[in-house]
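First comes the structure, then the notes that go with it.
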Amino acid sequence: MDTQESTSKGFSPEKFNRTIAVLIAVVTLITAIIAYLQSDAAARDDRANRDTKRYSIEAFGRKVSGDARVNYDYNTAYQNWYELDLLADSARNRGDDEAAARYEALRDNTVQLSPLLHPPYFDAAAGGEPDIARYEADTYIVEITELRENFTAASAVKDAWDNKANTYIVHITLLAVCLFLFGLSTTISGQQTRWIFAGVGSVIAVIAVIWAVVLYTQPVKDLRDTGAIRSYAQAEGLAHQEKWEEAIELYDQAIAAAPDYANAYLGRADAAGSLGNIEAAVTDFEAAIARGDKSANTAGYLAWNYYLLGRFDDAIRLNQIALQSAPDELWIRYDLGLAQLASGNVDAALATYDLGMQSAAKQVADAKAAGSEPPSYLWWGLDDAALQLDYLMQTLDGADGAPSAEQIAQPDAVYEAAAELFTRIKNQSVSLEHTGEPSTGEISAVITPLKFAEPVYDDQGEVQAYNEGDAFDFGANEISILFDYEGMQDGQNDLFKVYIDGEEDPSWRLIAPWELGKTGSAEKSLSLSYSDNFVLSPGDYVVEMYIDEHLAQRGGFVINPEG
Amino acid sequence: MLAALITWRASVIEDASGDADYDGLRAAVNAEETRALNNVNAYENYGAYTAFKRYSDLGDLIAEDQVSAASEDAAMLVEAERANAHDLAIANQFLFPNKFLNRDNSYALQRQLGEMWSDAAREKDLMPEAKFAEADFMRSKSTKMMLSIIWCWVFPWCFIHWWNHWRNKRIS
């Protein structure tokens, strides 16, 4: 009786109830609007979801068919042309012009097998290698790049609309609670309690509405609408052909169309770095990271470019950031060690390289235990680590390089540590590859520095003399590796690895148990003398000799370019 | 209010389970793409190795026969055949990764396939089962939460009914 009858001036229970009825109607209308927005957002989410699946499946199909296509074009069609051309050359060299003509006729017929054997990819009259990179770009690289970027863009759109749809559900839930409180307030007799329920319901409604308005006004950007993806895909096609300047122009277009396009900055950074413009590469890597690229690879590449500029502290910082998300990425760990070494922090560098070698051993052991194989990046990481240490030592010895010798702190200590690490990494790499176990122990055998020579044969085909040297003219088809040895044992594993311009050519690996006794002189041959057409390719050769998976000696020679 | 909150959370978890299903499907597509590409490329390499081995073995066999050539002309012909065979072997040797040549000159095809799989696994998710299991778990959780809403409605009514019954009993 008392609360129902007590009325403040101008607000009787009837007026209160009418007001609440109006509020219920308004909130119901708002709820219906938000329900519509939620439904619309959910529909857009589903559409973007469908698009992602479609792009993903199309990219899969295009990649498989593109690979199969190019495999045929190069490995079968071009290979047929190449072999017939080879046979024609051999016949002509032997003076059999008729046979040469037959082979050339067959060869010229094969061009109809594939568009790869036609301009602009190949000039049959000039011979040489077809422009396979351009062919791949035109056949499928640009297309699948565009599909994959569309997939990523559609995924971002899907996530954005999904988030909106879910958040609208929160708003609807809050408005449902508000309606409940409004309804309840009309049934409660206590004046104060009635107002509390109505007040709380009103506050909840206002919060929900403001939140929904803010959410509605947030745009969902779709990269597919900007045209940037097409430019980016074409740029990637040019980058695949190593046409860096043209690629940069297209990356510029992509970035102009979509200033937050992280992948475009990344692509432009790669292209700039390939042109030697390290400062521009650094700027673009930083831009990619600022725009959301959190991958360890990007951080690692930026760190590498900082190292080349001599910004060792920045390189160390970025490598450490990269390792937080990818602790098993060997090349990043070794780059961290390299930056620490170059900055003069030798102890930290040694510890980092140790960790890297232990990680490599563990990855090999884990792979073997699981019946699988370690990734190729593991072997590349070990080779690259040794190569960069070698470059560092060459720079300290006076060669031009980045970073420059002046930028390297404590050069003597760094050189000594680099030499030790180089040998340990080489031993670890060979030991893990050939035995699956980390390198242990030392070798007692002594091998003299490797000498290189062209053998000179007499009429009976016996070696008459050796023309030693560091460089040999183009056309050499046999180089002998000469060395003295002592402390060897028959049965020890003997391995020679050959690197050409910094990269191993596994076709030159010589692996055999040692059979030449304890002490003496030996000759190993890198020979194509059995071939009528092939000679040693021009380049910087480095030969490494391993005994029982330990680096015993290393040396190099040069085959000069043709002409 | 409690029921409303539970409904909202159940809806969010159900949506997350859909996302996990999507990720699992994505991983399944990745795995099949990787398997298909690896087989296309590895067997192409194996085909090149087969050609290399054929020509290399042929050249070696011809070389063995060279010593028994009947005449100088015959020896020159045999030498030409041998050189052609070995040159064609070299030409095909460029078409496959030589690091997969074993010491006995056989080809480690399975090692190549294994390494290619490991390379792909570094860059993308190839294991859909974990995602599907996560999706199933979240769907189950969402279902249980929706069941609990029933209790949110049933329990208060049972309590009110019991309270009224007890109060009436006391009054009477």
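Principal axis extents of the C-alpha atoms in region A:346-387 (largest first, rounded to whole Å): 38, 18, 8.
Other residues whose C-beta falls under 13 angstrom from the C-beta of A:Y140 contribute a net charge of -3, scoring Lys and Arg +1 and Asp and Glu -1. Could you check which residue among B:D125, B:D23, B:D65 shows the biggest mean-square fluctuation in a GNM of chain B with a 10 Å Cα cutoff? Checking each option, the largest mean-square fluctuation is seen for B:D65. Computed from the Cα positions only, the extents of region B:102-146 along the three principal axes stand at 65, 17, 8 Å, in decreasing order.
What is the percent of Cα-Cα separations in region A:73-207 that go past 26 Å? The calculated P(r) of region A:73-207 puts 61 percent of pairs beyond 26 Å. Using label points projected 7 Å from each Cα along Cα→Cβ, tell me how many nm separate A:A419 and A:E437, to one decimal. Distance between the two pseudo-spin positions: 3.0 nm. Take every Cα-Cα pair in region A:1-160 and report what % of them are more than 21 Å apart. Roughly 70 percent, once rounded to a whole number.
Under a model in which nothing but the beta-carbon of Lys, Arg (+1) and Asp, Glu (-1) is charged, the protein assembly as shown shows a dipole of about 7360 debye around its Cα centre.
Given that compact globular proteins tend to follow 2.2 N^0.38 Å, what is the ratio of the alpha-carbon Rg of region A:296-440 to that value?
1.01
For trypsin sites (Lys or Arg not before Pro), the sites in region B:90-170 that DSSP calls loop and that have at most 10 other Cβ atoms within 10 Å are B:R103.
By the compact-protein rule of thumb, 2.2 N^0.38 Å, the alpha-carbon radius of gyration of region A:208-288 corresponds to a ratio of 1.38.
At most 12 other C-beta atoms within 10 Å and a DSSP loop state: those are the exposed GluC sites (Glu not before Pro) I care about. Give me the longest piece of chain A that has none.
Within chain A, the longest run free of exposed GluC sites (Glu not before Pro) spans A:1-241.
Shown is the FRET efficiency for B:F94 and A:I511, computed with R0 = 25 Å from the Cβ-Cβ distance and rounded to the nearest 0.05: 0.75. Here region B:2-171 is assigned +1 on the Cβ of each Lys and Arg and -1 on the Cβ of each Asp and Glu. Its dipole about the Cα centre then comes out at about 2420 debye. For the residue pairs A:K53/B:K141; A:K368/A:K497; A:K63/A:K243, the alpha carbons lie no more than 28 Å apart in every case.
With the convex hull built on the Cα atoms of region A:265-363, state its orientation-averaged projected area in nm².
Numbers: hull surface 23.8 nm².
Result: 5.9 nm².
Axis of helix B:2-66 versus longest Cα principal axis of chain B: the two differ by about 10°, to the nearest ten degrees. Each Lys and Arg Cβ is given +1 and each Asp and Glu Cβ -1; about its Cα centre, region A:446-559 then shows a dipole of about 240 debye.
Cβ crowding within 10 Å ranks B:C152, B:C158, A:C178 as B:C158, B:C152, A:C178, fewest other Cβ atoms first.
Pairs of Cα atoms nearer than 8 Å and 6+ residues apart set the relative contact order; for region A:446-559 it is 32 percent. Using every Cα-Cα pair within region B:49-116, state what percent have a distance larger than 20 Å. The calculated P(r) of region B:49-116 puts 39 percent of pairs beyond 20 Å. Of the trypsin sites (Lys or Arg not before Pro) found in region A:478-563, the ones in coil according to DSSP and having at most 14 other Cβ atoms within 10 Å of their Cβ are A:K518. When only alpha carbons of region A:446-559 are considered, Rg and Dmax amount to 14.1, 40 Å. Simple rule: put +1 on each Lys or Arg Cβ and -1 on each Asp or Glu Cβ in region B:1-89, find the dipole, and look at B:Y22, B:S56, B:Y46; the Cα lying farthest toward the positive end is B:Y22. Size descriptors for chain B: radius of gyration and Dmax over Cα atoms are 36.0, 134 Å.
Axis angle, to the nearest 10 degrees, between helix A:296-308 and the longest C-alpha principal axis of chain A: 50 degrees.
Residues A:V282, A:V446, B:V40, ranked from the fewest to the most other C-beta atoms within 10 Å, line up as A:V446, B:V40, A:V282.
Please report the orientation-averaged projected area of chain A, defined via the convex hull of its C-alpha atoms, in nm².
With every direction weighted equally, the projected area is 39.4 nm².
For the protein assembly as shown, the antiparallel share of DSSP beta bridges with both residues in that region comes to about 95%.
Taken together, the values in this text are just the output of simple stated rules run on the coordinates, not laboratory data. If you're wondering where the values come from, they're calculated on a predicted model, not measured in any experiment. FYI the Cβ positions are ideal-geometry reconstructions off the backbone, even for glycines, and counts take in every protein chain you see.
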